[in-house]
1. Can you tell me the length gained on complete extension of the stretch residue 351 to residue 272, counting 0.36 nm per residue apart and subtracting the Cα distance?
2. Can you find, among 292, 358, 328, the residue sitting farthest towards the positive end of the charge dipole of segment 283-401, where Lys and Arg contribute +1 and Asp and Glu -1 at Cβ?
3. Where only protein heavy atoms count, and the probe is 1.4 Å, what is the accessible area per residue for segment 340-421 in Å²?
4. Would you list 447, 25, 221 from the most to the least accessible area, probe 1.4 Å?
5. If you keep only loop residues by DSSP, which trypsin sites (Lys or Arg not before Pro) in segment 123-162 have at most 14 other Cβ atoms within 10 Å of their Cβ?
6. Could you tell me what percent of the accessible area of the chain is made up of carbon and sulfur, with a 1.4 Å probe and every protein chain present?
7. Can you say what percent of the DSSP beta bridges in the chain, counting only those with both residues inside, are antiparallel? Round to 5.
8. Along each of its three principal axes, how wide is the spread of alpha-carbon positions in the chain, in whole angstrom units, largest first?
Amino acid sequence: MPAALLAALSAVLGQGGLLTAPQDRAPYERDWRGLVQNPAVAVALPKTTAQVSDIVKLCAAHGVGIVPQGGNTGLVAGAVPVAGAPQLILCLNRMNRIRTLDLAADCIIAEAGLTLVELQNAATEAGRFFPVSLGAEGTARLGGLISTNAGGMQVLSYGSMRAQVLGLEVVLADGAIWDGLAALPKDNTGYDLKQLFIGAEGTLGIITAACLRLYPAIAARASALAGVASAEAALRLFQSARAAAGAGLTLCEYMEDKALALGAGQLAGGALPFAAPGYVLLEISATDPAHAPAATLESVLADALAQGLASDAVIAQSERERLRFIALREAISEGELASGGAVKHDISVPLGRIPAMATAVHALVARDFPGCIPNIFGHLGDGNLHINIRPPQGAALTTLPKAAISEAVESLAVSFGGSFSAEHGIGQLRLTGMAAHKSPVALGLMRAVKQALDPAGVLNPGKTIPGA
Ligand SMILES: Cc1cc2nc3c(=O)[nH]c(=O)nc-3n(C[C@H](O)[C@H](O)[C@H](O)COP(=O)(O)OP(=O)(O)OC[C@H]3O[C@@H](n4cnc5c(N)ncnc54)[C@H](O)[C@@H]3O)c2cc1C
(Lines give C-alpha, C1' and ligand atoms only; values in the text may rest on other atoms or scores of the structure.)
Protein backbone atom coordinates (compact mmCIF):
# COMPACT_ATOMS: atom_id res chain seq x y z
CA MET A 1 0.00 0.00 0.00
CA PRO A 2 1.48 3.38 -0.98
CA ALA A 3 2.49 5.21 2.16
CA ALA A 4 1.60 8.39 0.28
CA LEU A 5 -2.13 7.47 0.34
CA LEU A 6 -2.12 6.74 4.07
CA ALA A 7 -0.29 9.99 4.78
CA ALA A 8 -2.78 11.96 2.68
CA LEU A 9 -5.79 10.22 4.33
CA SER A 10 -4.31 10.92 7.75
CA ALA A 11 -3.91 14.58 6.89
CA VAL A 12 -7.59 14.77 5.84
CA LEU A 13 -8.92 12.89 8.87
CA GLY A 14 -6.71 14.20 11.67
CA GLN A 15 -5.91 12.56 14.99
CA GLY A 16 -7.89 9.36 15.63
CA GLY A 17 -9.52 9.46 12.20
CA LEU A 18 -7.50 6.69 10.53
CA LEU A 19 -6.93 3.23 12.00
CA THR A 20 -4.03 1.32 10.48
CA ALA A 21 -2.87 -1.11 13.21
CA PRO A 22 -4.16 -4.67 12.58
CA GLN A 23 -5.73 -4.97 16.05
CA ASP A 24 -7.62 -1.68 15.56
CA ARG A 25 -8.82 -2.67 12.10
CA ALA A 26 -9.87 -6.23 12.99
CA PRO A 27 -13.41 -5.56 14.35
CA TYR A 28 -14.25 -3.60 11.21
CA GLU A 29 -12.80 -6.28 8.91
CA ARG A 30 -14.99 -9.13 10.21
CA ASP A 31 -18.72 -9.39 9.43
CA TRP A 32 -21.40 -9.73 12.15
CA ARG A 33 -21.69 -13.49 11.72
CA GLY A 34 -17.92 -14.00 11.72
CA LEU A 35 -18.07 -15.71 8.31
CA VAL A 36 -15.86 -13.29 6.39
CA GLN A 37 -12.71 -11.50 7.47
CA ASN A 38 -10.46 -9.78 4.93
CA PRO A 39 -7.84 -7.11 5.54
CA ALA A 40 -8.38 -3.46 4.69
CA VAL A 41 -5.53 -1.03 4.06
CA ALA A 42 -6.99 1.09 6.87
CA VAL A 43 -10.27 2.18 8.46
CA ALA A 44 -11.26 5.80 7.87
CA LEU A 45 -13.58 7.51 10.39
CA PRO A 46 -14.64 10.81 8.82
CA LYS A 47 -16.60 13.47 10.70
CA THR A 48 -17.87 15.51 7.77
CA THR A 49 -19.23 15.10 4.26
CA ALA A 50 -16.30 17.14 2.94
CA GLN A 51 -13.88 14.62 4.46
CA VAL A 52 -15.81 11.75 2.81
CA SER A 53 -15.47 13.53 -0.52
CA ASP A 54 -11.71 14.01 -0.04
CA ILE A 55 -11.28 10.33 0.92
CA VAL A 56 -13.14 9.18 -2.20
CA LYS A 57 -11.00 11.39 -4.45
CA LEU A 58 -7.78 10.09 -2.84
CA CYS A 59 -8.79 6.42 -3.09
CA ALA A 60 -9.92 6.84 -6.70
CA ALA A 61 -6.58 8.44 -7.58
CA HIS A 62 -4.67 5.55 -5.97
CA GLY A 63 -6.91 2.78 -7.36
CA VAL A 64 -8.03 1.68 -3.90
CA GLY A 65 -11.61 0.43 -3.43
CA ILE A 66 -13.89 1.85 -0.73
CA VAL A 67 -16.08 -0.30 1.50
CA PRO A 68 -18.71 1.87 3.21
CA GLN A 69 -19.63 0.65 6.67
CA GLY A 70 -22.21 1.59 9.30
CA GLY A 71 -23.01 -0.66 12.25
CA ASN A 72 -21.63 -3.72 10.41
CA THR A 73 -24.74 -5.72 11.30
CA GLY A 74 -25.54 -6.62 7.69
CA LEU A 75 -26.07 -10.33 7.15
CA VAL A 76 -24.48 -10.72 3.69
CA ALA A 77 -20.95 -9.41 4.41
CA GLY A 78 -21.54 -6.29 2.33
CA ALA A 79 -19.73 -3.97 4.75
CA VAL A 80 -16.42 -5.85 4.91
CA PRO A 81 -13.79 -6.14 2.18
CA VAL A 82 -13.66 -8.91 -0.41
CA ALA A 83 -10.42 -10.87 -0.71
CA GLY A 84 -7.76 -9.65 -3.10
CA ALA A 85 -7.79 -6.01 -4.15
CA PRO A 86 -6.72 -3.19 -1.78
CA GLN A 87 -9.72 -1.61 -0.07
CA LEU A 88 -10.31 1.06 2.54
CA ILE A 89 -13.16 0.67 5.04
CA LEU A 90 -15.01 3.97 5.28
CA CYS A 91 -16.97 3.85 8.52
CA LEU A 92 -19.45 6.68 8.97
CA ASN A 93 -20.22 6.14 12.66
CA ARG A 94 -18.69 9.46 13.77
CA MET A 95 -21.09 11.30 11.43
CA ASN A 96 -24.09 10.94 13.74
CA ARG A 97 -25.62 14.40 14.13
CA ILE A 98 -29.27 15.27 13.75
CA ARG A 99 -29.09 18.29 11.48
CA THR A 100 -32.75 19.37 11.39
CA LEU A 101 -36.01 18.33 12.97
CA ASP A 102 -38.85 19.89 10.97
CA LEU A 103 -42.18 19.27 12.69
CA ALA A 104 -44.10 21.37 10.19
CA ALA A 105 -42.99 19.01 7.43
CA ASP A 106 -42.89 15.96 9.73
CA CYS A 107 -39.35 15.03 8.81
CA ILE A 108 -35.86 14.75 10.24
CA ILE A 109 -32.51 15.25 8.55
CA ALA A 110 -29.83 13.10 10.16
CA GLU A 111 -26.35 11.91 9.28
CA ALA A 112 -25.52 8.40 8.12
CA GLY A 113 -23.90 7.29 11.39
CA LEU A 114 -26.94 7.81 13.63
CA THR A 115 -28.17 4.49 15.06
CA LEU A 116 -31.74 3.40 14.45
CA VAL A 117 -32.52 3.56 18.17
CA GLU A 118 -31.19 7.13 18.36
CA LEU A 119 -33.42 8.02 15.42
CA GLN A 120 -36.48 6.36 16.99
CA ASN A 121 -35.79 8.15 20.30
CA ALA A 122 -35.39 11.53 18.61
CA ALA A 123 -38.75 11.02 16.90
CA THR A 124 -40.43 10.00 20.18
CA GLU A 125 -39.00 12.99 22.05
CA ALA A 126 -40.45 15.23 19.33
CA GLY A 127 -43.90 13.64 19.79
CA ARG A 128 -43.61 11.66 16.56
CA PHE A 129 -42.91 8.07 15.53
CA PHE A 130 -40.26 6.50 13.30
CA PRO A 131 -41.57 3.08 12.29
CA VAL A 132 -38.60 1.00 11.13
CA SER A 133 -37.66 -1.46 13.86
CA LEU A 134 -35.39 -4.51 13.80
CA GLY A 135 -33.29 -6.73 16.04
CA ALA A 136 -30.03 -4.88 15.37
CA GLU A 137 -31.52 -1.41 15.93
CA GLY A 138 -29.10 -0.45 18.72
CA THR A 139 -26.15 -0.89 16.35
CA ALA A 140 -27.41 -0.53 12.76
CA ARG A 141 -26.90 2.97 11.33
CA LEU A 142 -28.96 5.11 9.04
CA GLY A 143 -26.55 4.81 6.07
CA GLY A 144 -26.50 1.01 6.32
CA LEU A 145 -30.26 0.79 6.81
CA ILE A 146 -30.91 2.86 3.69
CA SER A 147 -28.22 1.09 1.67
CA THR A 148 -29.79 -2.29 2.44
CA ASN A 149 -33.37 -0.96 2.22
CA ALA A 150 -33.87 -2.60 5.59
CA GLY A 151 -37.29 -3.96 6.45
CA GLY A 152 -37.94 -5.28 9.92
CA MET A 153 -41.16 -5.79 11.79
CA GLN A 154 -43.44 -2.95 10.72
CA VAL A 155 -43.08 -3.01 6.93
CA LEU A 156 -46.60 -4.37 6.90
CA SER A 157 -48.02 -1.00 7.80
CA TYR A 158 -45.30 1.56 7.01
CA GLY A 159 -43.11 0.04 4.29
CA SER A 160 -39.36 -0.54 4.41
CA MET A 161 -36.61 2.12 4.57
CA ARG A 162 -37.30 3.13 0.97
CA ALA A 163 -40.74 4.34 1.98
CA GLN A 164 -39.27 6.55 4.72
CA VAL A 165 -36.67 8.38 2.61
CA LEU A 166 -37.63 11.84 1.36
CA GLY A 167 -34.13 12.88 0.35
CA LEU A 168 -30.44 11.97 0.47
CA GLU A 169 -27.01 13.55 0.53
CA VAL A 170 -24.57 11.33 -1.34
CA VAL A 171 -20.85 11.43 -2.16
CA LEU A 172 -20.39 10.05 -5.67
CA ALA A 173 -17.55 7.92 -7.04
CA ASP A 174 -15.62 10.98 -8.27
CA GLY A 175 -15.98 12.73 -4.91
CA ALA A 176 -18.77 15.10 -6.03
CA ILE A 177 -21.40 15.78 -3.36
CA TRP A 178 -25.06 15.45 -4.44
CA ASP A 179 -27.36 17.42 -2.14
CA GLY A 180 -30.75 15.83 -2.60
CA LEU A 181 -31.96 16.45 0.94
CA ALA A 182 -35.02 18.60 0.14
CA ALA A 183 -38.05 17.45 2.14
CA LEU A 184 -40.42 17.25 -0.81
CA PRO A 185 -42.96 14.42 -0.90
CA LYS A 186 -43.67 15.56 -4.48
CA ASP A 187 -40.92 16.37 -6.99
CA ASN A 188 -41.36 15.05 -10.52
CA THR A 189 -38.38 16.81 -12.06
CA GLY A 190 -36.92 13.90 -13.97
CA TYR A 191 -35.47 10.70 -12.55
CA ASP A 192 -35.96 10.13 -8.83
CA LEU A 193 -32.22 9.91 -8.20
CA LYS A 194 -32.40 9.00 -4.52
CA GLN A 195 -33.95 5.65 -5.45
CA LEU A 196 -30.69 4.64 -7.14
CA PHE A 197 -28.82 4.72 -3.84
CA ILE A 198 -31.49 3.07 -1.65
CA GLY A 199 -30.73 -0.64 -1.48
CA ALA A 200 -27.55 -0.21 -3.59
CA GLU A 201 -25.34 -1.55 -0.78
CA GLY A 202 -22.80 1.23 -1.20
CA THR A 203 -21.97 0.29 -4.80
CA LEU A 204 -23.20 3.54 -6.39
CA GLY A 205 -22.46 6.26 -3.83
CA ILE A 206 -21.80 6.93 -0.16
CA ILE A 207 -24.82 8.19 1.75
CA THR A 208 -23.75 10.86 4.22
CA ALA A 209 -27.17 12.13 5.36
CA ALA A 210 -30.86 11.52 4.81
CA CYS A 211 -34.18 13.29 5.18
CA LEU A 212 -36.75 10.88 6.64
CA ARG A 213 -40.50 10.93 7.20
CA LEU A 214 -41.91 11.06 10.71
CA TYR A 215 -45.37 9.76 11.62
CA PRO A 216 -47.95 10.62 14.27
CA ALA A 217 -47.11 9.15 17.67
CA ILE A 218 -48.81 5.88 18.57
CA ALA A 219 -51.47 6.49 21.21
CA ALA A 220 -52.32 2.88 22.01
CA ARG A 221 -51.02 -0.58 21.19
CA ALA A 222 -52.20 -4.10 21.89
CA SER A 223 -50.00 -7.14 21.39
CA ALA A 224 -50.51 -10.85 21.69
CA LEU A 225 -48.67 -14.08 21.22
CA ALA A 226 -50.85 -16.83 19.79
CA GLY A 227 -50.09 -20.52 19.41
CA VAL A 228 -50.83 -22.09 16.02
CA ALA A 229 -50.57 -25.59 14.63
CA SER A 230 -49.04 -24.68 11.27
CA ALA A 231 -48.00 -21.93 8.85
CA GLU A 232 -51.41 -22.39 7.22
CA ALA A 233 -53.17 -21.53 10.50
CA ALA A 234 -50.75 -18.61 11.00
CA LEU A 235 -51.64 -17.22 7.59
CA ARG A 236 -55.37 -17.50 8.27
CA LEU A 237 -54.90 -15.76 11.62
CA PHE A 238 -53.00 -12.96 9.88
CA GLN A 239 -55.79 -12.58 7.31
CA SER A 240 -58.43 -12.38 9.99
CA ALA A 241 -56.43 -9.80 12.00
CA ARG A 242 -55.83 -7.76 8.86
CA ALA A 243 -59.54 -7.83 7.99
CA ALA A 244 -60.40 -6.59 11.48
CA ALA A 245 -57.67 -3.98 11.96
CA GLY A 246 -56.72 -2.92 8.41
CA ALA A 247 -53.60 -0.71 8.41
CA GLY A 248 -53.82 -0.75 12.22
CA LEU A 249 -52.27 -4.23 12.14
CA THR A 250 -48.69 -3.01 12.48
CA LEU A 251 -46.91 -6.27 13.18
CA CYS A 252 -47.45 -9.93 12.34
CA GLU A 253 -44.54 -12.30 12.87
CA TYR A 254 -44.52 -16.08 12.56
CA MET A 255 -42.10 -18.32 14.43
CA GLU A 256 -41.89 -22.10 14.49
CA ASP A 257 -41.48 -23.46 18.02
CA LYS A 258 -37.77 -24.28 17.68
CA ALA A 259 -37.07 -20.74 16.50
CA LEU A 260 -38.86 -19.02 19.36
CA ALA A 261 -37.18 -21.35 21.84
CA LEU A 262 -33.82 -20.03 20.60
CA GLY A 263 -35.01 -16.48 21.31
CA ALA A 264 -36.29 -17.48 24.74
CA GLY A 265 -32.91 -19.01 25.56
CA GLN A 266 -31.31 -15.58 25.15
CA LEU A 267 -33.56 -13.83 27.69
CA ALA A 268 -33.40 -14.04 31.46
CA GLY A 269 -36.23 -16.24 32.78
CA GLY A 270 -36.77 -17.20 29.17
CA ALA A 271 -39.60 -19.74 29.31
CA LEU A 272 -42.28 -19.50 26.63
CA PRO A 273 -45.78 -18.73 27.97
CA PHE A 274 -47.24 -21.94 26.47
CA ALA A 275 -46.20 -24.72 24.12
CA ALA A 276 -47.34 -24.81 20.49
CA PRO A 277 -45.91 -25.99 17.15
CA GLY A 278 -45.79 -22.37 15.98
CA TYR A 279 -46.40 -18.85 17.25
CA VAL A 280 -47.82 -15.65 15.79
CA LEU A 281 -46.93 -12.30 17.30
CA LEU A 282 -49.60 -9.72 16.51
CA GLU A 283 -49.71 -6.03 17.27
CA ILE A 284 -52.50 -3.58 16.55
CA SER A 285 -51.75 0.14 16.94
CA ALA A 286 -53.78 3.32 16.91
CA THR A 287 -52.73 6.96 16.61
CA ASP A 288 -56.16 8.11 17.82
CA PRO A 289 -56.68 7.53 21.56
CA ALA A 290 -60.40 7.07 20.86
CA HIS A 291 -59.65 3.80 19.07
CA ALA A 292 -59.20 0.77 21.28
CA PRO A 293 -56.80 -1.71 19.64
CA ALA A 294 -57.09 -4.05 22.64
CA ALA A 295 -60.79 -4.65 21.95
CA THR A 296 -60.09 -5.45 18.27
CA LEU A 297 -57.27 -7.80 19.20
CA GLU A 298 -59.36 -9.59 21.83
CA SER A 299 -62.13 -10.15 19.33
CA VAL A 300 -59.69 -11.45 16.66
CA LEU A 301 -58.19 -13.89 19.15
CA ALA A 302 -61.57 -15.01 20.51
CA ASP A 303 -62.67 -15.85 16.95
CA ALA A 304 -59.36 -17.61 16.23
CA LEU A 305 -59.67 -19.75 19.36
CA ALA A 306 -63.31 -20.54 18.60
CA GLN A 307 -62.49 -21.58 15.03
CA GLY A 308 -59.47 -23.64 16.09
CA LEU A 309 -57.04 -21.36 14.23
CA ALA A 310 -55.20 -20.69 17.49
CA SER A 311 -54.66 -23.17 20.29
CA ASP A 312 -53.70 -20.63 22.93
CA ALA A 313 -53.06 -16.89 23.22
CA VAL A 314 -51.65 -14.36 25.67
CA ILE A 315 -52.35 -10.65 25.43
CA ALA A 316 -49.63 -8.39 26.82
CA GLN A 317 -50.97 -6.81 30.01
CA SER A 318 -48.32 -4.10 30.23
CA GLU A 319 -45.79 -2.25 28.10
CA ARG A 320 -43.13 -4.41 29.76
CA GLU A 321 -44.87 -7.56 28.61
CA ARG A 322 -45.34 -6.18 25.09
CA LEU A 323 -41.64 -5.39 24.86
CA ARG A 324 -40.84 -8.86 26.15
CA PHE A 325 -42.81 -10.46 23.30
CA ILE A 326 -40.85 -8.36 20.82
CA ALA A 327 -37.57 -9.14 22.58
CA LEU A 328 -38.35 -12.86 22.30
CA ARG A 329 -38.79 -12.54 18.56
CA GLU A 330 -35.79 -10.27 18.10
CA ALA A 331 -33.48 -12.55 20.09
CA ILE A 332 -33.92 -15.47 17.67
CA SER A 333 -30.95 -14.50 15.44
CA GLU A 334 -28.65 -14.11 18.42
CA GLY A 335 -29.89 -17.38 19.93
CA GLU A 336 -29.24 -19.12 16.64
CA LEU A 337 -25.70 -17.72 16.48
CA ALA A 338 -25.05 -18.65 20.12
CA SER A 339 -26.17 -22.22 19.46
CA GLY A 340 -23.73 -22.73 16.61
CA GLY A 341 -25.21 -20.77 13.72
CA ALA A 342 -27.07 -21.83 10.59
CA VAL A 343 -27.00 -21.67 6.82
CA LYS A 344 -29.19 -18.59 6.57
CA HIS A 345 -31.74 -17.57 3.97
CA ASP A 346 -34.08 -14.63 3.71
CA ILE A 347 -36.71 -15.46 1.14
CA SER A 348 -40.07 -14.02 0.19
CA VAL A 349 -42.95 -15.61 -1.65
CA PRO A 350 -46.43 -14.38 -2.56
CA LEU A 351 -48.29 -14.39 0.75
CA GLY A 352 -50.69 -17.22 -0.07
CA ARG A 353 -47.74 -19.54 -0.77
CA ILE A 354 -46.12 -19.19 2.66
CA PRO A 355 -47.64 -22.44 4.02
CA ALA A 356 -46.61 -24.42 0.94
CA MET A 357 -43.10 -22.97 1.16
CA ALA A 358 -42.72 -23.91 4.84
CA THR A 359 -44.00 -27.43 4.17
CA ALA A 360 -41.69 -27.82 1.17
CA VAL A 361 -38.66 -26.75 3.20
CA HIS A 362 -39.33 -29.39 5.86
CA ALA A 363 -39.75 -32.04 3.16
CA LEU A 364 -36.57 -30.89 1.39
CA VAL A 365 -34.48 -31.02 4.57
CA ALA A 366 -35.85 -34.42 5.61
CA ARG A 367 -35.10 -35.85 2.15
CA ASP A 368 -31.79 -34.22 1.17
CA PHE A 369 -30.21 -33.01 4.42
CA PRO A 370 -31.44 -35.49 7.05
CA GLY A 371 -30.79 -34.57 10.66
CA CYS A 372 -30.50 -30.84 9.86
CA ILE A 373 -32.88 -28.59 11.78
CA PRO A 374 -34.95 -26.00 9.90
CA ASN A 375 -35.21 -22.76 11.88
CA ILE A 376 -38.13 -20.91 10.31
CA PHE A 377 -39.39 -17.51 11.40
CA GLY A 378 -40.10 -14.16 9.84
CA HIS A 379 -42.26 -11.30 8.78
CA LEU A 380 -45.39 -13.26 7.88
CA GLY A 381 -47.43 -10.28 6.71
CA ASP A 382 -44.75 -9.44 4.11
CA GLY A 383 -44.48 -13.00 2.81
CA ASN A 384 -40.90 -12.95 4.12
CA LEU A 385 -39.46 -15.95 5.96
CA HIS A 386 -36.00 -16.54 7.33
CA ILE A 387 -35.34 -20.15 6.47
CA ASN A 388 -32.19 -21.06 8.32
CA ILE A 389 -30.86 -24.59 8.33
CA ARG A 390 -29.04 -25.60 11.50
CA PRO A 391 -26.67 -28.56 11.68
CA PRO A 392 -27.77 -31.84 13.29
CA GLN A 393 -27.53 -31.93 17.09
CA GLY A 394 -23.87 -32.05 18.10
CA ALA A 395 -22.52 -31.33 14.58
CA ALA A 396 -20.64 -28.18 13.59
CA LEU A 397 -21.95 -25.71 11.04
CA THR A 398 -18.78 -26.24 9.00
CA THR A 399 -19.80 -29.83 8.27
CA LEU A 400 -22.89 -28.76 6.29
CA PRO A 401 -22.92 -28.65 2.46
CA LYS A 402 -23.61 -24.93 2.58
CA ALA A 403 -23.72 -24.21 -1.16
CA ALA A 404 -26.04 -27.15 -1.88
CA ILE A 405 -28.42 -26.15 0.93
CA SER A 406 -28.58 -22.53 -0.22
CA GLU A 407 -29.05 -23.53 -3.84
CA ALA A 408 -31.95 -25.80 -2.85
CA VAL A 409 -33.71 -23.30 -0.55
CA GLU A 410 -33.26 -20.33 -2.90
CA SER A 411 -34.47 -22.33 -5.92
CA LEU A 412 -37.51 -23.45 -3.94
CA ALA A 413 -38.43 -19.84 -3.16
CA VAL A 414 -37.97 -18.83 -6.80
CA SER A 415 -40.08 -21.80 -7.93
CA PHE A 416 -42.91 -20.45 -5.73
CA GLY A 417 -42.68 -17.12 -7.58
CA GLY A 418 -40.57 -15.55 -4.81
CA SER A 419 -37.26 -13.83 -4.17
CA PHE A 420 -34.08 -15.46 -2.86
CA SER A 421 -33.20 -12.35 -0.84
CA ALA A 422 -36.12 -10.39 0.57
CA GLU A 423 -34.52 -7.84 2.88
CA HIS A 424 -30.85 -8.59 3.60
CA GLY A 425 -29.52 -7.83 0.12
CA ILE A 426 -26.73 -9.48 -1.83
CA GLY A 427 -23.39 -8.26 -0.43
CA GLN A 428 -20.73 -10.88 -1.12
CA LEU A 429 -22.63 -13.89 0.26
CA ARG A 430 -25.58 -13.99 -2.17
CA LEU A 431 -23.73 -13.47 -5.46
CA THR A 432 -24.27 -17.09 -6.52
CA GLY A 433 -28.03 -16.70 -6.10
CA MET A 434 -27.87 -13.43 -8.01
CA ALA A 435 -26.12 -15.09 -10.97
CA ALA A 436 -28.53 -18.03 -10.87
CA HIS A 437 -31.86 -16.29 -10.39
CA LYS A 438 -31.69 -12.65 -11.56
CA SER A 439 -32.63 -12.31 -15.20
CA PRO A 440 -29.89 -11.42 -17.70
CA VAL A 441 -31.85 -8.29 -18.65
CA ALA A 442 -32.03 -7.12 -15.03
CA LEU A 443 -28.32 -7.85 -14.50
CA GLY A 444 -27.50 -5.96 -17.70
CA LEU A 445 -29.42 -2.91 -16.46
CA MET A 446 -27.65 -3.06 -13.11
CA ARG A 447 -24.24 -3.25 -14.81
CA ALA A 448 -25.15 -0.26 -17.01
CA VAL A 449 -26.10 1.81 -13.94
CA LYS A 450 -22.90 0.80 -12.14
CA GLN A 451 -20.79 1.66 -15.19
CA ALA A 452 -22.45 5.08 -15.48
CA LEU A 453 -22.02 6.03 -11.82
CA ASP A 454 -18.78 4.27 -10.90
CA PRO A 455 -16.87 3.42 -14.10
CA ALA A 456 -13.60 2.68 -12.27
CA GLY A 457 -15.32 0.35 -9.78
CA VAL A 458 -14.11 2.24 -6.70
CA LEU A 459 -17.27 1.80 -4.61
CA ASN A 460 -17.71 -1.46 -2.72
CA PRO A 461 -15.95 -3.68 -5.29
CA GLY A 462 -17.05 -7.31 -5.55
CA LYS A 463 -20.50 -6.70 -4.06
CA THR A 464 -24.11 -6.96 -5.31
CA ILE A 465 -23.45 -7.53 -9.04
CA PRO A 466 -21.72 -10.80 -9.99
CA GLY A 467 -18.35 -10.04 -11.57
CA ALA A 468 -18.40 -6.32 -10.66
C1 LIG B 1 -29.89 -9.45 15.07
C2 LIG B 1 -30.13 -8.88 13.70
C3 LIG B 1 -31.43 -8.69 13.25
C4 LIG B 1 -31.67 -8.15 11.99
N5 LIG B 1 -32.96 -7.98 11.59
C6 LIG B 1 -33.20 -7.45 10.37
C7 LIG B 1 -34.54 -7.25 9.92
O8 LIG B 1 -35.50 -7.60 10.60
N9 LIG B 1 -34.73 -6.68 8.72
C10 LIG B 1 -33.68 -6.30 7.92
O11 LIG B 1 -33.92 -5.78 6.84
N12 LIG B 1 -32.40 -6.48 8.32
C13 LIG B 1 -32.13 -7.05 9.50
N14 LIG B 1 -30.84 -7.25 9.90
C15 LIG B 1 -29.73 -6.90 9.00
C16 LIG B 1 -29.11 -5.52 9.29
O17 LIG B 1 -29.34 -5.07 10.57
C18 LIG B 1 -29.61 -4.51 8.30
O19 LIG B 1 -29.21 -4.90 7.01
C20 LIG B 1 -29.11 -3.08 8.55
O21 LIG B 1 -29.74 -2.25 7.62
C22 LIG B 1 -27.62 -2.90 8.40
O23 LIG B 1 -27.25 -1.64 8.93
P24 LIG B 1 -25.73 -1.37 9.30
O25 LIG B 1 -25.57 0.04 9.70
O26 LIG B 1 -25.24 -2.37 10.26
O27 LIG B 1 -25.04 -1.58 7.87
P28 LIG B 1 -23.69 -2.31 7.53
O29 LIG B 1 -23.75 -3.75 7.85
O30 LIG B 1 -22.54 -1.55 8.06
O31 LIG B 1 -23.72 -2.15 5.93
C32 LIG B 1 -24.70 -2.78 5.16
C33 LIG B 1 -24.47 -2.43 3.68
O34 LIG B 1 -24.68 -1.03 3.47
C35 LIG B 1 -23.48 -0.41 2.98
N36 LIG B 1 -23.37 0.87 3.66
C37 LIG B 1 -23.28 1.09 5.01
N38 LIG B 1 -23.28 2.42 5.25
C39 LIG B 1 -23.36 3.03 4.06
C40 LIG B 1 -23.39 4.40 3.66
N41 LIG B 1 -23.35 5.38 4.54
N42 LIG B 1 -23.47 4.67 2.33
C43 LIG B 1 -23.50 3.68 1.41
N44 LIG B 1 -23.46 2.38 1.74
C45 LIG B 1 -23.40 2.06 3.04
C46 LIG B 1 -22.36 -1.38 3.30
O47 LIG B 1 -21.28 -1.24 2.41
C48 LIG B 1 -23.06 -2.71 3.19
O49 LIG B 1 -23.13 -3.09 1.84
C50 LIG B 1 -30.58 -7.80 11.15
C51 LIG B 1 -29.27 -7.99 11.61
C52 LIG B 1 -29.04 -8.53 12.85
C53 LIG B 1 -27.62 -8.71 13.30
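1. Working: separation 79, 0.36 × 79 = 28.44 nm, distance 2.71 nm.
25.7 nm is the gain from fully extending residue 351 to residue 272.
2. Positive-end residue among those listed: 358.
3. Ligands and nucleic acids excluded, the result is 36 Å² per residue.
4. Largest to smallest exposure gives the sequence 447, 221, 25.
5. Hits after loop and neighbour filter: nothing returned.
6. Of the solvent-accessible surface of the chain, carbon and sulfur hold 55 percent.
7. 85
8. 72, 56, 45
The values are calculated or read from the model by the stated rules, or taken from the named source; none is laboratory data. Keep in mind it's a predicted model, so treat the numbers as computed, not measured. Cβ: placed from backbone, ideal geometry, glycine included. Neighbour counts: every protein chain shown. Accessible surface areas use protein heavy atoms only, side chains included; no ligands, DNA or RNA. Shrake-Rupley method; radii C 1.70, N 1.55, O 1.52, S 1.80 Å.
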